[in-house]
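Before any comments, here is the structure.
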Amino acid sequence: MATARFSSPELRKPASSPRPKGRENAKETLCRNVLIYGHCRYEDQGCAFNHDPNKSLQTDSKAQKRAPRNASWKRPAADFPRPSQIPPSHEPPPAKAPSLGPPARKLAGSQSQSRAPSSKNQTGDRGGIQSFANIRNSLKKTLNVDSPSFTPATLPVPSKTSAISSQAANAAPFTPRGLASGTATPNSQLDSQSATFNPAQIREFTPQNYEISDPGVSTDGAGSEAHVTYDPFQMSSVGQTLPTATQYNPYIDDSTSMASNGAAYYGASTAFIPPSQPLQYHLYAPIGPHREDLLAYQRHAHDFFMPDALREDLQKKAEATFQVMPNSQLPTLDSYHSLVALDTSHRKSATVFGYPSWVYKATSIKNGFMYSLRRLEGYRLTNERAIRSVKDWRRVNCSGVVSVVDAFTTRAFGDSSLIFVTNYHPLSKTLVEHHFTNTNRFGNRVAQTVPEPVLWSYIVQLASAVKSVHSANLAVRCMDPSKVILTDKGRIRLNACSVLDVVQFDAQRPLAELQQEDFIHFGKLILSIAVNNLAVMTSLNLMGFVEQLARNYTAEFRDTIVWLLTPAQPPAIKNVAELLSGISSHVIDAFDSSLHASDTLYSELSREVENGRLARLLMKLGTINERPEHDGDPNWSEIGERYVLKLFRDYVFHQVNAEGRPVMDMGHMISCLNKLDAGSQEKIMLTSRDEQNVFVVTYNEVKKQVNAAWADLQKPSRR
Ligand SMILES: Nc1ncnc2c1ncn2[C@@H]1O[C@H](COP(=O)(O)OP(=O)(O)OP(=O)(O)O)[C@@H](O)[C@H]1O
């Protein structure tokens, strides 16, 4: 049998290789013995194969003509003899080793050019093996038809690249998920090439290769400002982690680009397929500090809202700011109206300024902001230059000093009054109110020991304030505990600066003397709080009070107070820099706690930013849902996309449990609204109230419907 002649293990064809079927086909195929040995021993004994190479070429070229040009070419695994079986060929090596990157079709073309036999070879002038090489080249042409040779881009040796299995040849073109097509089906570009499987032609799935489908259009998440290009990830720190070629835009509507961007976000690994729902859909940035001791149901509210204490504090301050006295007898001034008295005690005291003073909150007629007005009752201005000195205080811009805005005289109160306008700090208290008014249940005053860290914090804050004032060539002059206000927990500010400059203008005391006196006032202020005795402010014998410090405070604290109270021996002078260097470790402590406080507030602020988005979304939904009529259509909110929004409202807010009780899960509501705002691809099922209809929609679709309805409301009326 003819097949018995191929029983040699080296020459046996694998089962998958095409075998000649019938004698006719066998006659068209060049005998392998001719191919290898130049002649066939069995030619005379009836070998069924062709022994004439020229005839083979003609026959094969005919076969080539018969073959449809676009026929899919499946390369048999062992169609060619292995390199070890082929005698060394003298054909020239490929001009250039194939490199990674360019598409394989091109690569194959260039290889076939470089491998094409020279005209010398074609004429067979080398005889013997040379002519055999020609035959082999011809045979290769026969089998190749028009197809490009397969060369995986990763393999540098062309001969090895031909060893692709027939299964691989049959494999469907690989389309990575999340590319521009967005589906698992091949895209059109690949379709045109699908006749030949060539993995090298498929672009590597790296984020750099794919860009956002429409980077020019992005929304801020709410979608109403679709024309606004807004990228919340413009921060340079994020830019460092993301690939520079692709800007990640989590707000983009297109889910497919979201997936590809998700890949960009997660890194350039081809093995990793990003989840279809990017986890960052709500875009919250949980910046610390975090509380660990919360129960599950508390967590959600905690994660989304600011702490109760802070909220309460801010709300109380807002309420105090907008408080008005409807039946107030207080007059309206030229530039200020709605005066509200801030003095809680009606005590008339002239100890600090030499005139009784009253403090009011008032609204500016010019800008509507609230200011604090300090009125000095019965003051007569004798020198215009005195009131102009207030202008110098406007230069002082320090967090430890209540800013001075203006000063003027008025007769609106029925007398000649001097008014100082300063910034208003709602719900502030004087240090007297805070530290000297503690009473027991019988109404008797109880002495309060203020912790030393609090006093160090006061010292650092006041030192900073004094430094600013002295650098502006001014002196504080007034550091009475009733004229230092506590505007927040542990935050103090010098109040009523500039008053004594005006009131005691005629005394014309030298600035250096006043500045040195500031240190003594400073020492008295802290000492009075430490020993909880206001008599310190007027006492001439301070050593008795200083000795009391040893009971509750450290020697360092006592030494600092003594330094402040001891006047410098002329010509030496004291300055704030000297004080600050002496208490540097406490300055660092104060700085650190201030940074902590700022971190905490920043973290709270970041949450509120996101809550602002939800509020905006709720406002949009509120204007759409249950709208009685729009543009003459009483059913506007019940039909079309608005009907879906109505069901969505039920889904978010009106859920009931198995017993029909309302579900008050705030986490569910917040999470739904966040997903809606971000246009998540997650699907939800909306059921009509009569339970007859069910809609399966994605949040992204609902978002589009909200935007469409909102746009409809914004359109000018058609009637
Ligand atoms: N800039 C300000 N912003 C807000 N509140 C202020 C401001 N300045 C003072 N206050 C508040 O006004 C009230 C009265 O302040 P004031 O300086 O008159 O203190 P006092 O204890 O009444 O002093 P005196 O006995 O000298 O009148 C205090 O509760 C104080 O906290």
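The values are calculated or read from the model by the stated rules, or taken from the named source; none is laboratory data. Treat the numbers as computed from the prediction; the structure is a model and nothing was measured. Cβ sites come from the backbone with ideal geometry, for glycine too, and all protein chains shown count toward neighbours.
Being within 16 Å of the ligand (Cβ to nearest atom), assigned to a helix (DSSP H, G or I), of a type outside the set (Asp, Glu) and within 29 Å of ALA318 (Cα to Cα): is that true of HIS434 here?
yes
Starting from the stretch 653-672, keep only residues that are without any contact (Cβ under 8 Å) to a residue 40 or more places away in the chain, then list their pairs with residues that are assigned to a helix (DSSP H, G or I) and surrounded by 11 or more Cβ atoms within 10 Å (Cβ to Cβ) whose Cβ atoms are within a distance under 6 Å, requiring at least 6 positions of separation or different chains.
Pairs that qualify, where the first residue is without any contact (Cβ under 8 Å) to a residue 40 or more places away in the chain and the partner is assigned to a helix (DSSP H, G or I) and surrounded by 11 or more Cβ atoms within 10 Å (Cβ to Cβ), are MET669/VAL652; CYS672/VAL652.
Could you grab me the full set of residues in the stretch 449-477 that are in a loop (DSSP other than H, G, I, E, B) and touching a strand residue (DSSP E or B) at 6+ places or on another chain (Cβ under 8 Å)?
Within the stretch 449-477, VAL476 is the sole residue that qualifies.
Does PRO331 meet the test of being surrounded by 12 or more Cβ atoms within 10 Å (Cβ to Cβ), assigned to a loop (DSSP other than H, G, I, E, B) and either of a type in the set (S, T, N, Q) or away from the ligand (no atom under 16 Å from the Cβ) (or both)?
So PRO331 fits the description; yes.
Of the conditions (1) of a type in the set (Ser, Thr, Tyr); (2) under 30 Å from LEU373 (Cα atoms); (3) touching a residue at least 12 places away in the same chain (Cβ under 8 Å), THR449 satisfies every one except a single condition; which number is it?
With respect to (1) of a type in the set (Ser, Thr, Tyr); (2) under 30 Å from LEU373 (Cα atoms); (3) touching a residue at least 12 places away in the same chain (Cβ under 8 Å), THR449 is out only on (2).
Starting from the stretch 433-445, take each residue that is farther than 15 Å from ALA535 by Cα and list its partners that are of a type in the set (Phe, Trp, Tyr) and within 16 Å of the ligand (Cβ to nearest atom), counting only C-beta distances under 8 angstrom and pairs at least six apart or across chains.
none
Between residues in the stretch 485-502 that are closer than 20 Å to ARG311 by Cβ and more than 11 Å from the ligand (Cβ to nearest atom) and residues that are of a type outside the set (Val, Ile, Thr) and assigned to a helix (DSSP H, G or I), which pairs lie under 7 Å by C-beta distance while being six or more apart or on different chains?
GLY490/SER457
Looking only at the stretch 424-431, decide whether some residue is within 16 Å of the ligand (Cβ to nearest atom) and within 24 Å of LEU565 (Cα to Cα).
There is at least one residue in the stretch 424-431 that is within 16 Å of the ligand (Cβ to nearest atom) and within 24 Å of LEU565 (Cα to Cα).
Does GLY354 meet the test of being farther than 30 Å from SER603 by Cα and modelled with pLDDT of 90 or more?
So GLY354 fits the description; yes.
Looking at ASP650, ASP665, which is the one that is surrounded by fewer than 18 Cβ atoms within 10 Å (Cβ to Cβ) and either at pLDDT 90 or above or among the aliphatic types (A, V, I, L, M) (or both)?
Answer to the selection: ASP650.
Say whether the condition of being at pLDDT 95 or above, within 10 Å of the ligand (Cβ to nearest atom), out of contact with any His (no Cβ under 8 Å at 6 or more places or on another chain) and assigned by TED's automatic domain parsing to the domain that holds LEU527 is met by at least one residue in the stretch 387-403.
yes
Working only within the stretch 592-626, note down all residues that are at negative phi, in contact (Cβ under 8 Å) with a residue 12 or more places away in the chain and charged (D, E, K, R).
ASP599, GLU604, ARG607, GLU608, GLU610, ARG613, ARG616, LYS620 - these are the residues of the stretch 592-626 that are at negative phi, in contact (Cβ under 8 Å) with a residue 12 or more places away in the chain and charged (D, E, K, R).
Report yes if THR409 is touching a residue at least 12 places away in the same chain (Cβ under 8 Å) and within 16 Å of the ligand (Cβ to nearest atom), otherwise no.
no
Pull out all pairs, ordered by first then second residue, where Cβ-Cβ is under 8 Å, the residues are six or more apart or on different chains, the first lies in the stretch 346-366 and is in the same structural domain as GLU433 (by TED's automatic domain parsing) and near the ligand (Cβ under 7 Å from one of its atoms), and the second is β-branched (Val, Ile, Thr) and modelled with pLDDT of 90 or more.
What qualifies is SER357/VAL499; LYS361/THR321; LYS361/VAL340.
Here are some conditions: (1) within 39 Å of the chain's Cα centre (by Cα); (2) surrounded by fewer than 17 Cβ atoms within 10 Å (Cβ to Cβ). SER428 meets all but one. Which one does it not meet?
If we test SER428 against (1) within 39 Å of the chain's Cα centre (by Cα); (2) surrounded by fewer than 17 Cβ atoms within 10 Å (Cβ to Cβ), just (2) comes out false.
Have a look at ALA568, ALA590, ALA572 and point out the one that is more than 28 Å from the chain's Cα centre (by Cα) and surrounded by fewer than 12 Cβ atoms within 10 Å (Cβ to Cβ).
Just one listed residue meets the conditions, ALA572.
Look through the stretch 610-634, keep the residues that are of a type in the set (D, E, K, R) and in a loop (DSSP other than H, G, I, E, B), and return whichever of them is nearest to GLN714 (Cα to Cα).
That would be ASP631.
For the condition within 14 Å of the ligand (Cβ to nearest atom) and not polar (S, T, N, Q), what is the one hit in GLU377, GLU384?
Every option except GLU377 fails the conditions.
Test of understanding: among ALA447, ALA507, ALA512, ALA496, which residue is assigned by TED's automatic domain parsing to the domain that holds ALA535 and under 30 Å from GLN315 (Cβ atoms)?
ALA496
Show the residue pairs meeting these rules: Cβ distance below 8 Å; 6+ apart or different chains; first residue within the stretch 367-395 and without any contact (Cβ under 8 Å) to a residue 24 or more places away in the chain; second residue within 16 Å of the ligand (Cβ to nearest atom) and of a type in the set (A, V, I, L, M, F, W, C).
If the second residue must be within 16 Å of the ligand (Cβ to nearest atom) and of a type in the set (A, V, I, L, M, F, W, C), the pairs left are ARG394/VAL404; ARG394/VAL405.
Identify all residues within the stretch 464-484 that are more than 13 Å from the ligand (Cβ to nearest atom), within 19 Å of SER389 (Cβ to Cβ) and among the charged types (D, E, K, R); write none if there are none.
Across the stretch 464-484, the qualifying residue is only ARG477.
Can you give me the number of residues within the stretch 547-565 that are of a type in the set (Ser, Thr, Tyr) and surrounded by fewer than 16 Cβ atoms within 10 Å (Cβ to Cβ)?
Qualifying residue count for the region: 1.
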